[in-house]
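Here the structure comes first, spelled out in structure tokens, and everything after it is commentary.
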Amino acid sequence: MIGDRWGSSDQEVGRSYPCDAYVDRPTMEAWRSVGVGARPEVVWPWLVQVRLAPYSYDWIDNLGRRSPRELRALADPVPGDKFTATSGRPVGRVLAVESGVHLTASIMGATMTYWLEPDGEARTRLILKIVSRPPRGLATALCLGDLVMARRQLLNLKELAERSAV
């Protein structure tokens, strides 16, 4: 599918993620990955902070409100918690969490897992897998739209985590 992969290795695409257990026979699967110059324990608090704001293009999905650029002391989410907030409104639902390893959630008909994979001594692969069952005709359009937003989100989280690691 066009746009189903950005920055992800064949190995990352080939394995299963917790989100796979929630969507039977998805019509859309997408992988987005970025290397982060920080250890997983530095990246994790930023990932947890997605509960406050989307960290993608704030002018699109947060009505111009800037996603926080400083860490807040948030506890790890638990299944059933709201997943994120857009325009100050909580949306989505956390499905599963393994602290420091993955956050799996659902939002707007999609289920996703953010996975932190140690990559050497001071690096992390931040991997996002998304699965959904949109009608086949919409799957490519949704995949491409998600690519734009998810790419920005991962790059923002990377920048913030790397800045924290210094």
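The values are calculated or read from the model by the stated rules, or taken from the named source; none is laboratory data. Just so it is clear, the structure is predicted and the values come from calculations on it, not from any experiment. Positions of Cβ are generated from backbone atoms using ideal geometry, with glycine treated the same way; all protein chains shown enter the neighbour counts. For accessibility, only protein heavy atoms count, side chains too; no ligands or nucleic acids. Shrake-Rupley method; radii C 1.70, N 1.55, O 1.52, S 1.80 Å.
Residues of region 108-136 being open to solvent by 30 Å² or more (accessible area, probe 1.4 Å) and either assigned to a strand (DSSP E or B) or touching a Phe, Trp or Tyr at 6+ places or on another chain (Cβ under 6 Å) (or both), which ones? Result: Trp115, Glu117, Pro118, Arg125. Taking the criterion of being hydrophobic (A, V, I, L, M, F, W, C), surrounded by fewer than 19 Cβ atoms within 10 Å (Cβ to Cβ) and modelled with pLDDT of 95 or more, the residues of region 1-22 that qualify are Val13, Ala21. Annotation: Asp146 fulfils all but one of (1) within 26 Å of Glu41 (Cβ to Cβ); (2) crowded, with 16+ Cβ neighbours inside 10 Å; the unmet one is (1).
Answer with yes or no whether Pro54 is assigned to a loop (DSSP other than H, G, I, E, B) and modelled with pLDDT under 85. So Pro54 fits the description; yes.
Comparison of Arg39, Arg72, Arg65, Arg32 shows that the only residue that is crowded, with 18+ Cβ neighbours inside 10 Å and at pLDDT below 95 is Arg32.
Give the residue that is surrounded by the most Cβ atoms within 10 Å (Cβ to Cβ), with candidates limited to residues of region 75-86 that are of a type outside the set (A, V, I, L, M) and more than 14 Å from Met108 (Cβ to Cβ).
Applying the first criterion (of a type outside the set (A, V, I, L, M)) to region 75-86 yields 76-77, 79-84, 86.
Okay, now just the ones that are also more than 14 Å from Met108 (Cβ to Cβ), so 76-77, 79-81.
Details: Asp76: 16, Pro77: 21, Pro79: 11, Gly80: 8, Asp81: 16.
Here the answer is Pro77.
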